[in-house]
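A.B. asks: Quick one: the structure is below, questions incoming.
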Amino acid sequence: QVRLVESGGGLVQAGGSLRLSCSISGRTLSIDTLGWYRQAPGKRRDFVSDISRDGTIRYADSVKGRFTASANSANDTMYLQMDRLKLEDTATYYCVAVLGDADYWGQGTQVTISS
């Protein structure tokens, strides 16, 4: 079992920045991939970024060059630094941990971008 808790969401103006955190507990050594997804109202949950066990980091095209994902094994926390935010980045952001065939999700944190 893995438990994930997101934090850091909020309201920010377009062009601004936010840093999301995902605190991870439980079987952290068994995690294959950590990721971020987001879901806007009335839309599907979309991939944002993920970090594989070997350190490979991937990004959705829509956030490439603006968002930076990282993970700190010392405090079992994953981060998503979001810069140059756009109105279309408004969504609930979720972190996910994949262990073999199982995936564990956090409860989400709301990010709202204003004009």
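The values are calculated or read from the model by the stated rules, or taken from the named source; none is laboratory data. All figures in this text were calculated on a predicted structure; none of them were measured in a lab. Reconstructed Cβ throughout: ideal geometry from the backbone, glycine too, with neighbour counts over all protein chains shown. The area values use the complete protein model at the heavy-atom level, side chains included, leaving out ligands, DNA and RNA. Shrake-Rupley method; radii C 1.70, N 1.55, O 1.52, S 1.80 Å.
A.B. asks: Looking only at the range 64-80, count every residue that is part of a loop (DSSP other than H, G, I, E, B) and either touching a strand residue (DSSP E or B) at 6+ places or on another chain (Cβ under 6 Å) or surrounded by fewer than 13 Cβ atoms within 10 Å (Cβ to Cβ) (or both) and tell me the total. Break it down into steps so the answer makes sense when it comes.
C.D. replies: Taking the range 64-80 first, the residues part of a loop (DSSP other than H, G, I, E, B) are 64-66, 73-76.
Adding the requirement that they be either touching a strand residue (DSSP E or B) at 6+ places or on another chain (Cβ under 6 Å) or surrounded by fewer than 13 Cβ atoms within 10 Å (Cβ to Cβ) (or both) leaves 64-65, 73-76.
So the count comes out to 6.
A.B. asks: Just to be sure I understand, how many residues within the range 1-10 are open to solvent by 30 Å² or more (accessible area, probe 1.4 Å) and either under 18 Å from Arg66 (Cβ atoms) or without any contact (Cβ under 8 Å) to a residue 40 or more places away in the chain (or both)?
C.D. replies: So in the range 1-10, the residues open to solvent by 30 Å² or more (accessible area, probe 1.4 Å) come out as 1, 3, 5, 7-9.
Within this subset, residues satisfying the condition of being either under 18 Å from Arg66 (Cβ atoms) or without any contact (Cβ under 8 Å) to a residue 40 or more places away in the chain (or both) are 8-9.
Qualifying residue count, the range 1-10: 2.
A.B. asks: Do we have Gln110 as surrounded by fewer than 14 Cβ atoms within 10 Å (Cβ to Cβ), part of a strand (DSSP E or B) and of a type in the set (S, T, N, Q) here?
C.D. replies: Values: surrounded by fewer than 14 Cβ atoms within 10 Å (Cβ to Cβ): yes; part of a strand (DSSP E or B): yes; of a type in the set (S, T, N, Q): yes.
Here the answer is yes, as Gln110 does meet what is asked.
A.B. asks: Please determine, by comparing only the residues of the range 81-101 that are assigned to a strand (DSSP E or B) and over 14 Å from Leu4 (Cα atoms), which one is most open to solvent (accessible area, probe 1.4 Å). Working first, answer last.
C.D. replies: Step one: filter the range 81-101 for residues assigned to a strand (DSSP E or B), giving 81-82, 91-99.
From what's left, over 14 Å from Leu4 (Cα atoms): 81-82, 91-92.
Numbers: Gln81: 59, Met82: 0, Ala91: 3, Thr92: 31 Å².
Ranking the candidates gives Gln81 first.
A.B. asks: Filter the range 46-57 down to the residues that are polar (S, T, N, Q) and surrounded by fewer than 21 Cβ atoms within 10 Å (Cβ to Cβ), then identify the one that is nearest to Ala74 (Cα to Cα). Before you say what the answer is, go through the steps one by one.
C.D. replies: At the first step, the residues of the range 46-57 found to be polar (S, T, N, Q) are 49, 52, 56.
This time we only want the ones that are surrounded by fewer than 21 Cβ atoms within 10 Å (Cβ to Cβ), so: 52, 56.
Details: Ser52: 17, Thr56: 18 Å.
Of everything passing the filter in the range 46-57, Ser52 is nearest to Ala74 (Cα to Cα).
A.B. asks: Starting from the range 22-45, take each residue that is on the phi < 0 side of the Ramachandran plot and open to solvent by 50 Å² or more (accessible area, probe 1.4 Å) and list its partners that are among the acidic types (Asp, Glu) and assigned to a loop (DSSP other than H, G, I, E, B), counting only C-beta distances under 6 angstrom and pairs at least six apart or across chains.
C.D. replies: Going by the 6 Å Cβ cut-off, there are no qualifying pairs.
A.B. asks: Of the residues Leu11, Leu20, which is farther than 20 Å from Trp105 by Cβ, in a strand (DSSP E or B) and at pLDDT 95 or above?
C.D. replies: After applying the criteria, what remains is Leu11.
A.B. asks: Which members of the range 25-50 meet the condition of being touching a Ser or Thr at 6+ places or on another chain (Cβ under 7 Å) and not charged (D, E, K, R)?
C.D. replies: Passing the criteria: Thr33, Gly35, Trp36, Gln39, Ala40.
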